[in-house]
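Taken together, the values in this text are just the output of simple stated rules run on the coordinates, not laboratory data. The structure presented is a predicted model; accordingly, all values stated were derived computationally and were not measured. Here the Cβ positions follow ideal geometry from the backbone for every residue, glycine too, while neighbour counts run over all protein chains shown.
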Amino acid sequence: MRRAARAAQGDLKQAEEAGKARAEDALKEARASYGAAKASTKEKVTGSRQKIDESLYDLTERARQTAHEAQEKLNQYKNATEQSLADARRTSEQKFEETKDAVTQRADEAKDAGQTWFGWGQSKTDEAKREGAQKVAESAEDVKKRAEKQV
């Protein structure tokens, strides 16, 4: 019986050592798998962060470019509006001067006609003044329309 008990103890010890060896192998395998999974996950996280950073940079650059283009367009429109307004003003002033000169010339002609034609000259003067006022009004309306188009 003692032999049988010793033999059973020997078998038990061998089974225990085999179980320990298998458990240690399984633990080593699990640790290796865990390490590989951890490294793979870390690489994926790093790659994802890099892609996010690149996308953020691209979006920021696009926004800056769009803002720059919008500012350039605004400046172009502003310059065109200022130029149109200056042209309209210059044209209006020129028409005013032309009309003023024409009225003055007609008035002088009427004065030169003499006293006998005073009534006729007065009506011509009034007519020239009315025409001059009409031209100035038309010019002002033209300037107003151009300004409304630009705005």
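Observations on the model:
- Tabulated pairs, region 131-146, first farther than 16 Å from GLU97 by Cα, second of a type outside the set (A, V, I, L, M) and surrounded by 12 or more Cβ atoms within 10 Å (Cβ to Cβ), C-beta under 7 angstrom, 6+ apart or interchain: ARG146/SER84
- Considering residues of region 79-110 that are free of Cβ contacts under 8 Å to residues at least 60 places away in the same chain and hydroxyl-bearing (Ser, Thr, Tyr) only, the residue farthest from ALA140 (Cα to Cα): THR104
- Some residue of region 65-79 being out of contact with any Pro (no Cβ under 7 Å at 6 or more places or on another chain) and more than 30 Å from ALA147 (Cβ to Cβ): yes
- Some residue of region 54-70 being β-branched (Val, Ile, Thr), in a helix (DSSP H, G or I) and closer than 30 Å to ALA128 by Cβ: no
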